[in-house]
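Notes for the one structure printed next.
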Amino acid sequence: MQEDLIAAAGALWSSLGDYTAIAVRITVIALVAWIVVGLLHRAIRLFRERLTARIDDREAVKRAQTLGRVCRYIVSVVVTLVASMLILSELGVSVAPILGAAGVVGLAVGFGAQSLVKDYFTGFFILLENQIRQGDVVQLGSHAGVVEEVTLRFVQLRDYSGNVHFIPNGTISVVTNMTRGYANAVMDIGVAYREDVDQVMAVMHEVAKQMRQDETYGPRILGELEMAGVEQWADSAVVIRCRLRCAPIEQWGVRREYLRRLKKAFDEAGIEIPYPHLTVYAGQAKDGSAPAFAVQAQVVSAPATAGG
């Protein structure tokens, strides 16, 4: 009887020792995972701080912060998954069936949420390649406006009418950024056929020169007026194309002010800005005579008064 008790106590002690060893190993795995996550987060934060210390652009700093958050999240997920697999192995749980089931579930979820995954991947590369920044004016498909927010999921635009558009990143195929580096205010100026084109171009240059000397609009213009020349012979006008290189997002204001001043200069110089008109041709006979238009006069008699 005493021998049985001793054997049972030994078995119990051995089991407790095994459980203690398993608990110690699980604790070590969790502690190591926590330390690794902390070290990687610190390394990412230090790298981001060192990178942003050399950047003066506030939007570039925001982009770096967003990418830093994404990297920290990815590190946390990967380390947590690895640590969880190791802990399950220590508990005697077979990891292979779980991985197989997770693969099947992940495949099903992937088919259902493939557009969401595409949004995140596309958003990551949009931020990484600095295609869009907050405050830019961009064209995304059929929508254009000022960028108010850029996330991994969507881009938020506000158009000129004040409407807000949420564009999923996965649907963005082409990004047209109209405020990157510099912009051109392109203008097509129509004048009457009777006007001297050289004189018109001289007036256009003079107006641009005055704008460059202006305290308000001078800093917004980055170069002299570039005269492309006669663009086309339209139905009612000779169209002259020119452009002014402007600071980002200033091209629309510069264009409007230039057209306003040019209209005043044309009026002072007597240069005609034509309006669309139609010439009616009655035809010509074989002998060279042209028939006259028949004008039919309609006489309306006044109603007789009571006294008449």
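Look through the stretch 245-276, keep the residues that are part of a loop (DSSP other than H, G, I, E, B) and not aliphatic (A, V, I, L, M), and return whichever of them is most open to solvent (accessible area, probe 1.4 Å).
Filtering first and then ranking leaves 275.
I need the full set of residues from the stretch 132-161 which are touching a Lys or Arg at 6+ places or on another chain (Cβ under 9 Å), open to solvent by 40 Å² or more (accessible area, probe 1.4 Å) and modelled with pLDDT of 85 or more, in order please.
146, 148
Looking at residue 122, is it closer than 19 Å to residue 152 by Cβ, modelled with pLDDT of 85 or more and in a helix (DSSP H, G or I)? Explain how you work it out, then say what you get.
Working: closer than 19 Å to residue 152 by Cβ: yes; modelled with pLDDT of 85 or more: yes; in a helix (DSSP H, G or I): yes.
In short, yes.
Inside the stretch 209-238, can you point out the residues that are open to solvent by 20 Å² or more (accessible area, probe 1.4 Å) and of a type in the set (A, V, I, L, M, F, W, C)?
Correct list: 222, 227, 228, 230, 233, 234.
Residue 114 - would you say it is in contact (Cβ under 8 Å) with a residue 24 or more places away in the chain, open to solvent by 30 Å² or more (accessible area, probe 1.4 Å) and over 16 Å from residue 250 (Cα atoms)?
Details: in contact (Cβ under 8 Å) with a residue 24 or more places away in the chain: no; open to solvent by 30 Å² or more (accessible area, probe 1.4 Å): yes; over 16 Å from residue 250 (Cα atoms): yes.
For residue 114, the condition - in contact (Cβ under 8 Å) with a residue 24 or more places away in the chain, open to solvent by 30 Å² or more (accessible area, probe 1.4 Å) and over 16 Å from residue 250 (Cα atoms) - is not met.
Between a residue in the stretch 66-79 that is of a type in the set (Asp, Glu) and any residue that is surrounded by 13 or more Cβ atoms within 10 Å (Cβ to Cβ) and outside any helix (DSSP H, G or I), which pairs come within a Cβ distance under 6 Å, given they are 6 or more apart or on different chains?
Note: no pairs meet the criteria.
Which of (1) at pLDDT below 90; (2) at positive phi is the odd one out, the single condition residue 286 does not satisfy?
Every listed condition holds for residue 286 apart from (2).
Residues are listed down the side, and each one gets a yes or a no for (1) of a type outside the set (A, V, I, L, M); (2) closer than 22 Å to residue 125 by Cβ; (3) modelled with pLDDT under 80:
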| residue | (1), (2), (3) |
| --- | --- |
| 37 | no, no, no |
| 47 | yes, yes, no |
| 50 | yes, no, no |
| 56 | yes, no, yes |
| 66 | yes, yes, yes |
| 69 | yes, yes, yes |
| 72 | yes, yes, no |
| 77 | no, yes, no |
| 81 | no, no, no |
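I'm checking my understanding of the structure. Among residues of the stretch 164-208 that are part of a loop (DSSP other than H, G, I, E, B) and among the β-branched types (Val, Ile, Thr), which one is surrounded by the fewest Cβ atoms within 10 Å (Cβ to Cβ)? Working first, answer last.
Initial filter on the stretch 164-208 (part of a loop (DSSP other than H, G, I, E, B)): 172-174, 178-182, 192-196.
Filter once more, so that each one left must be among the β-branched types (Val, Ile, Thr): 172, 174, 179.
Numbers: 172: 19, 174: 7, 179: 19.
Checked the stretch 164-208; the qualifying residue surrounded by the fewest Cβ atoms within 10 Å (Cβ to Cβ) is 174.
Report, ordered by the first and then the second residue, all pairs with beta carbons closer than 8 Å, sequence separation of six or more or different chains, a first member in the stretch 142-168 that is without any contact (Cβ under 8 Å) to a residue 24 or more places away in the chain, and a second member that is polar (S, T, N, Q) and not in a strand (DSSP E or B).
From residues that are without any contact (Cβ under 8 Å) to a residue 24 or more places away in the chain, the pairs are 145/163; 147/134; 148/134; 149/134.
Name, by its number, the condition in (1) touching a helix residue (DSSP H, G or I) at 6+ places or on another chain (Cβ under 7 Å); (2) within 30 Å of residue 60 (Cβ to Cβ) that does not hold for residue 204.
Of (1) touching a helix residue (DSSP H, G or I) at 6+ places or on another chain (Cβ under 7 Å); (2) within 30 Å of residue 60 (Cβ to Cβ), only one is false for residue 204: (2).
Of (1) at pLDDT 70 or above; (2) more than 37 Å from the chain's Cα centre (by Cα); (3) under 22 Å from residue 193 (Cα atoms), residue 279 satisfies all except one. Which?
Here residue 279 meets the rest and fails (1).
Name the pairs whose Cβ atoms lie under 8 Å apart, with the first residue in the stretch 218-229 and more than 17 Å from residue 198 (Cβ to Cβ) and of a type in the set (A, V, I, L, M), the second in a strand (DSSP E or B) and at pLDDT 90 or above, and 6 or more positions between them or separate chains?
221/244; 221/245; 221/246; 222/245; 222/246
The values are calculated or read from the model by the stated rules, or taken from the named source; none is laboratory data. It should be emphasised that the depicted structure is a prediction, and the values quoted were computed from it without experimental measurement. All Cβ positions, glycine included, derive from the backbone under ideal geometry; neighbour counts span all protein chains shown. Each accessible area value is taken on the protein alone, full model and side chains, heavy atoms only, with ligands, DNA and RNA left out. Shrake-Rupley method; radii C 1.70, N 1.55, O 1.52, S 1.80 Å.
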